[in-house]
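Please treat every number below as a calculation from the coordinates, not as lab data. In this text, all values refer to a predicted model and were calculated from it rather than measured experimentally. Cβ coordinates were reconstructed from backbone atoms using ideal geometry, including for glycine residues, and neighbour counts include every protein chain displayed.
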Amino acid sequence: MNYIVMDLEWNQSYSGRMGEHPRMPFEIIEIGAVKVDKNYHIIDEYSSLIKPRIYKKLHTKIKSILNYTEADLNTGRSFKEVCTEFLEWCGEDYMFCTWGPMDLTELQTNMDFYYMPRLPRPLKFLNLQMIYAESMDATASTVSKLEKAVADFHIPEDEPFHTALNDARYTALVLKEMKPKNLKEQYSFDLYMHPKSKEEEIVAIHNNQYEYISRDFPSKQDALDDKNVNAIRCYKCNKKTTKKIKWFCNSPSTYICVGKCWRHGNFCGKIKFKPLNDGRYYVIKTIKPITREGIEAIRQKQEDIREKRKEKRHLKSAGTEDSFT
Ligand SMILES: [Zn+2]
C-alpha cells in the first residue's frame, strides 16, 4: 500500500457571502500530491492547476498567500478532468495523508458539485497534523501549521510554501522525519458523510482505542437512549463491561464515563455529538485506556459540575441570579 500525501489550494468568493455558491463555498484551484512507499520514500508526484468555474477572481487573502495569478489559473483544466486523472494516478491500494481534515472535505465537496462518483466509504485517512501534534506533546495545539513542523525537523525550506505540490512534498518530509510507529493504525475516519443507517455505522478498534461512529438521531437524548451509543465496551476485547462512573455531561457537546474490563483494566468513554444542518445529531464514541489519576480527574470534574449546578439552583431560588451574571 502507498500513502498519497495530498494538498489542495482553493479559492473563495471575492465578494464574501453574497457571491458564494451554497454547494461549493471553496473552489479547488490546484491539486498537488506525492506518492510515498512504506519506507517513506517519495516515489511519484502529481500536480495540476484547475481553471475555476465559479470564483474566477482570486480572493484578496488567497492572492496574498498563493504564488500565482488569475492568468496562471486560466491555463488549468476543468476540475472534473483533473480530479479523475488524479484519482487514477492514486492507484488501487492507497491511503490519503493530509495536514488536517479540510483537504478531504473540500475535495469531496468539489466532487459532489460536479456530481462525480463518491469516494468509497468508510474512508480512512491519516491526519498528519494530528499525528504530529500527538508526537510532540499531548497538550500542544492540534492545529500546528505545516511551516512549524518543517522548521521543527530542520527540513531545508528551498521551495515556497502554499503551492499544492510543495506543501505535499513538505508534508511527506515531515512524515518521513516522524516515522510514526504503527502508522497504519493511526488513521482517522473522514466525516464528510456520516453513516446514514445502522448498516453504515462504523466500529473500529485501532491505535489502542475503540471508535464508533453512529447514524443520525432526531436529538441528543434519542442518541443517548440508543443501546449501541450508551454501551461501553472494552477498547481491546470489545466485551461489555461495568461502569465505574456513569455517563455525565462534561461539556455542551460531550459526555464521558469510566468503565472497567476485568481483563484489560480501566478505560474512559467519550461521546461527542456532531450536529447536522437539519438539527439532527450523530455521535462519535471513543473508548481509551485511562490511569488512576485520570479517573480521579474525571471524578473531580463531575463533582465540580454538580457543585456549580447546585449553586445555580440556589441562586435561582433566591432570585438573585441576575446580579451574579
Ligand atoms: Zn477487555
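What's the FRET efficiency of A318 with H21 using the Cβ-Cβ distance as r and R₀ = 51 Å, to the nearest 0.05?
That gives a FRET efficiency of 0.45.
In debye to the nearest 20, how big a dipole does the range 7-53 give about its Cα centre with +1 on each Lys and Arg Cβ and -1 on each Asp and Glu Cβ?
240
I'd like the distance separating the alpha-carbon centroids of the range 212-286 and the range 1-73, in whole Å.
One Cα centre to the other: 37 Å.
So what is the relative contact order of the range 2-186, in percent, for Cα pairs below 8 Å that sit 6 or more residues apart?
27
Expected output is a single nm value to one decimal: the length gained when fully extending between K179 and D304, i.e. 0.36 nm times separation in residues minus the C-alpha distance. What is it? It would help to have the intermediate numbers written out before the result.
On the way: separation 125, 0.36 × 125 = 45.00 nm, distance 4.08 nm.
My answer for the length gained is 40.9 nm.
Quick check for you: which residues of the range 10-45 have the amide N under 14 Å from the point 7 Å beyond the Cα of E70 toward its beta carbon?
12-15
If I take every Cα pair under 8 Å that is 6 or more residues apart in the range 194-309, average their sequence separation and divide by the length, what percent do I get for the relative contact order?
The normalised contact order for the range 194-309 reaches 25 percent.
What's the extension gain from T242 to E81 if we count 0.36 nm per residue and subtract their Cα-Cα distance?
52.6 nm
Which one of I28, L146, I232 has its Cα pushed farthest toward the positive end of the charge dipole of the chain, where Lys and Arg give +1 and Asp and Glu give -1 at the Cβ?
Result: I232.
When only C-alpha pairs under 8 Å and at least 6 residues apart count, what is the relative contact order of the chain, in percent?
On the way: 564 pairs, mean separation 42.1, N = 325.
Worked out over the chain, it gives 13 percent.
For the chain, take the longest principal axis of its alpha carbons; what is the angle in degrees between that and the long axis of helix 79-90, to the nearest 10 within 0 to 90?
Relative to the chain, helix 79-90 is tipped by roughly 80 degrees.
Please get the size of the charge dipole for the chain, origin at its Cα centre, with Cβ charges of +1 on Lys and Arg and -1 on Asp and Glu, quoted in debye to the nearest 20.
2200
For K61 and F161 in the same chain, what is the full-extension length gain: residue separation times 0.36 nm, less their Cα-Cα distance, in nm?
Length difference between fully extended and current span is 34.5 nm.
Points 7 angstrom from Cα along the Cβ direction at M136 and M1: gap in nanometres?
2.7
Between N228 and M193, how many nm apart are label points set 7 Å from Cα along the C-beta direction?
Roughly 1.7 nm, to one decimal.
Counting Lys and Arg as +1 and Asp and Glu as -1, what is the net charge of the other residues whose Cβ lies under 13 Å from the Cβ of Q186?
Spelling it out: positives minus negatives among the neighbours equals +1.
Separation between the H154 and V203 pseudo-spin-labels, each 7 Å from Cα along Cα→Cβ, expressed in nm?
4.9
About its Cα centre, how strong a charge dipole does the range 172-325 have in debye, to the nearest 20, once Lys and Arg get +1 and Asp and Glu get -1 at the Cβ?
720
Determine, for each peptide in 239-247, 95-103, the mean count of other beta carbons within 10 angstrom over its residues, then list the peptides with the highest first.
Packing proxy ranking, top to bottom: 95-103, 239-247.
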